[in-house]
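The values are calculated or read from the model by the stated rules, or taken from the named source; none is laboratory data. What you are looking at is a predicted structure, and each value in this text was computed from that prediction instead of being measured. Here the Cβ positions follow ideal geometry from the backbone for every residue, glycine too, while neighbour counts run over all protein chains shown. Just so you know, the surface numbers come from the protein's heavy atoms only, side chains and all, with ligands and any DNA or RNA stripped out. Shrake-Rupley method; radii C 1.70, N 1.55, O 1.52, S 1.80 Å.
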Amino acid sequence: MKLILTFLLVCGLIISNTEANDLVDKVTKLAQECKGSTGASDADYENLLNYQAPNTDKGKCLTECVLKKSGALGENNKINEAVMVEFIKAGAAGDASIEKIGMEGLQACLKVPQHPNACENAAALNACFTKNLRAKGFKGLPA
């Protein structure tokens, strides 16, 4: 969800500016819509909101739905780089160090091999962003 999900992680974590708040609100609404359309459980939804890796197929599809509806994932199931750059900049709220961490994570995750299953692919991309943010010492993620 706020990931945006992890993609949207950077964005969902920075809530000090209006643009970032608007993004979080948008992603939260998308996650709620996707919860219904994918049949994801409350636990799947909470995992998404808490930046936890999905542990069910419906949780992975919840991630995929939010990423697609947000524009972060294109119809070809690849990261939409231009949209992600916009999300990162909105989430960074002018903080160059946060923007740098987000951009480095984006570049690393663009190299993730595409999985033929769209839900598995989205989960792998989400995991990549979370892993990269944690590795770079980003403090906005729960342990």
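The rows are residues; the columns are (1) in contact with a strand residue (DSSP E or B) (Cβ under 8 Å, 6 or more places away or on another chain); (2) part of a loop (DSSP other than H, G, I, E, B); (3) over 20 Å from Arg134 (Cβ atoms).
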| residue | (1), (2), (3) |
| --- | --- |
| Leu67 | yes, no, no |
| Val83 | no, no, yes |
| Lys89 | no, no, yes |
| Gln107 | no, no, no |
| Gln114 | no, yes, yes |
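Conditions (1) among the aromatic types (Phe, Trp, Tyr); (2) at pLDDT 90 or above; (3) assigned to a helix (DSSP H, G or I); (4) open to solvent by 40 Å² or more (accessible area, probe 1.4 Å), marked per residue:
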{"residue": "Val24", "(1), (2), (3), (4)": "no, no, yes, no"}
{"residue": "Glu33", "(1), (2), (3), (4)": "no, yes, yes, yes"}
{"residue": "Tyr45", "(1), (2), (3), (4)": "yes, yes, yes, no"}
{"residue": "Gly59", "(1), (2), (3), (4)": "no, yes, yes, no"}
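Listed here are the residues, each with its yes/no results for (1) at pLDDT below 90; (2) crowded, with 18+ Cβ neighbours inside 10 Å; (3) more than 16 Å from Leu106 (Cα to Cα); (4) within 10 Å of the chain's Cα centre (by Cα).
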{"position": "Tyr51", "(1), (2), (3), (4)": "yes, yes, yes, yes"}
{"position": "Leu62", "(1), (2), (3), (4)": "no, yes, yes, no"}
{"position": "Val66", "(1), (2), (3), (4)": "no, yes, yes, yes"}
{"position": "Ile79", "(1), (2), (3), (4)": "no, yes, no, no"}
{"position": "Ala82", "(1), (2), (3), (4)": "no, no, no, no"}
{"position": "Ala90", "(1), (2), (3), (4)": "yes, yes, no, no"}
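If the requirement is being open to solvent by 60 Å² or more (accessible area, probe 1.4 Å) and part of a loop (DSSP other than H, G, I, E, B), which of these qualifies: Gly137, Gly94? Don't jump to the end; show me each part of the working.
Working: Gly137 fails: open to solvent by 60 Å² or more (accessible area, probe 1.4 Å).
Residue meeting the stated conditions: Gly94.
Taken as a whole, segment 118-128 holds no residue that is outside any helix (DSSP H, G or I), of a type outside the set (Val, Ile, Thr) and at pLDDT 90 or above. One residue is enough: does segment 69-79 have a residue meeting the conditions in contact (Cβ under 8 Å) with a residue 60 or more places away in the chain, of a type outside the set (Val, Ile, Thr) and part of a loop (DSSP other than H, G, I, E, B)? Within segment 69-79, one or more residues are in contact (Cβ under 8 Å) with a residue 60 or more places away in the chain, of a type outside the set (Val, Ile, Thr) and part of a loop (DSSP other than H, G, I, E, B).
Results for (1) closer than 23 Å to Tyr45 by Cα; (2) in contact with a helix residue (DSSP H, G or I) (Cβ under 6 Å, 6 or more places away or on another chain), shown as yes or no for each residue.
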site: Asn76; (1), (2): no, no
site: Ile79; (1), (2): yes, no
site: Ala82; (1), (2): no, no
site: Glu86; (1), (2): no, no
site: Ala90; (1), (2): no, yes
site: Ala93; (1), (2): no, yes
site: Gly105; (1), (2): no, yes
site: Asn121; (1), (2): yes, no
site: Gly137; (1), (2): no, no
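Here is a check on your reading of the model: is Ile101 open to solvent by 20 Å² or more (accessible area, probe 1.4 Å), touching a residue at least 60 places away in the same chain (Cβ under 8 Å) and among the aliphatic types (A, V, I, L, M)? Yes; evaluated as a whole, the condition is true for this residue.
In segment 35-57, the condition of being touching a residue at least 40 places away in the same chain (Cβ under 8 Å) and within 12 Å of Ala118 (Cα to Cα) is met by at least one residue.
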